[in-house]
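Nothing in this text is a laboratory measurement; each read-out follows from the coordinates by a stated rule. These figures come from a predicted structure and were not determined experimentally. Positions of Cβ are backbone-derived with ideal geometry, glycine not excepted, and every protein chain shown enters the neighbour counts.
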Amino acid sequence: MRVTTEIKVIAGFSLGFLLMVGLGVATFRTTKGLLDENQKVTHTFEVIVSLDNVIASMTDAQTGQRGYVITGDERFLEPYNAALPRLSDGIERVRQLTVDNPNQQKQISELQRRVKRNLAVINEVIALRRRGDAEAAAEVVKSGRGKLGMDAIRQLIREMKDEEDRLLSARTEKAKTSARRVVVAFFALTVAVFLLLSFSYLLVRRDVARRKMRESALREMSLTDELTGLHNRRGFLTLAAQQVRIARRTKMGLLLVFADMDGLKLINDEYGHEEGSRAIVTAGKLLRKAFRESDVIARLGGDEFAVLVVGSDDVDGEFFTSRLREITNLHNERADAPFVISMSVGVVRLSDVLSIEEAMSKADELMYEDKRRRRAEQSFPPRISLKGEC
């Protein structure tokens, strides 16, 4: 079964579509993985920031306590009062963010206990100062219990941040890997699309070129005489019509030369049709030598030939007739054949007639006049007899 261009293109696009779907799915999954890893990285940063907020709030509470102990002014407790809800919210925020990490959940519980113990020391100092026992409050501060509690909180938060830094490093590396995969997948998808389009273009171009070649070959076959390689009647009429239109626009002269082989029937009868065909081919070659490449030379059928001489303003028909006979005579002198080539010729200038068909009819008449005249004058070459021919 012959596969048409349409089927090839559809098959190519279908294959390419499936390939792009596969690559698209891979790209989607890779991109989703990248987004997930980026989200995890962002999540880790949020945990670290929340831990920093806890330690900052604890520091504010301690700062407020010290200011109040020194001055006894309640205004210095504002940082302490503001820090209490932030501490509660901050610890709860860290708990929510690390709900998928059992180790961090244990650490948060311990952090909550240490914060509670340290706040108890701070509250004790504040209570003593409010009762007016500044000396006792100062002694509690000097005891270092608050500092030890704060150091323990910092140490625990440092450990928790180290855990988050480790996760951050791993997640960042995964994000980079996912990003590289996205780039590779996107590049592969781009290359696949490019190759698909290139393949489809080349496929269509090749088929179009083949079709043009077939059409050209068919057109050439329809316009070319198979035996001589000259134009056939159809080809001659087609090209002659074009040249006539051009000549009328440019005022260029055209000559129509009709040539008919003399004695072809005798050659066929005496030497066979194979030799007759060889004689026809030889006549075609002689016409090619006698005329120019720009002229339209054709075998109209049988032993009849026609030539449309393009741009013939400066010469007349006699010039080409004489040239053809000189070339033919030279060939006959040199040829090693049992017969000679001879042609009768009729020439018409197209400006004297209305159409190419009329010119062909007129040239045909003149050609037969030439044949009759030469027969009467017995001017045919030796070994040619036209008895019974016209």
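Quick rundown of the values:
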quantity	calculated
Quotient of Cα Rg and 2.2 N^0.38 Å for the range 5-200, N being how many residues it contains	1.74
Those residues of the range 278-302 whose amide nitrogen sits under 14 Å from the label point placed on LEU330, 7 Å along Cα→Cβ	286-292
The range 81-143: projected area of the alpha-carbon convex hull, averaged over directions, in nm²	4.9 nm²
Column: log10 I(q)/I(0), Debye, Cα scatterers of the range 264-322, q = 0.13, 0.20, 0.23, 0.24 Å⁻¹	-0.41, -0.79, -0.93, -0.98
Stretch gain in nm, segment ALA127-ASN103, where the contour uses 0.36 nm per residue and the Cα spacing is subtracted	5.0 nm
All Cα pairs of the range 233-377, percent lying beyond 28 Å	17 percent
Distance violations [Cα-Cα > 20 Å] among LYS40/LYS174; LYS116/LYS147; LYS265/LYS371; LYS106/LYS161; LYS289/LYS362; LYS251/LYS289	LYS289/LYS362; LYS251/LYS289
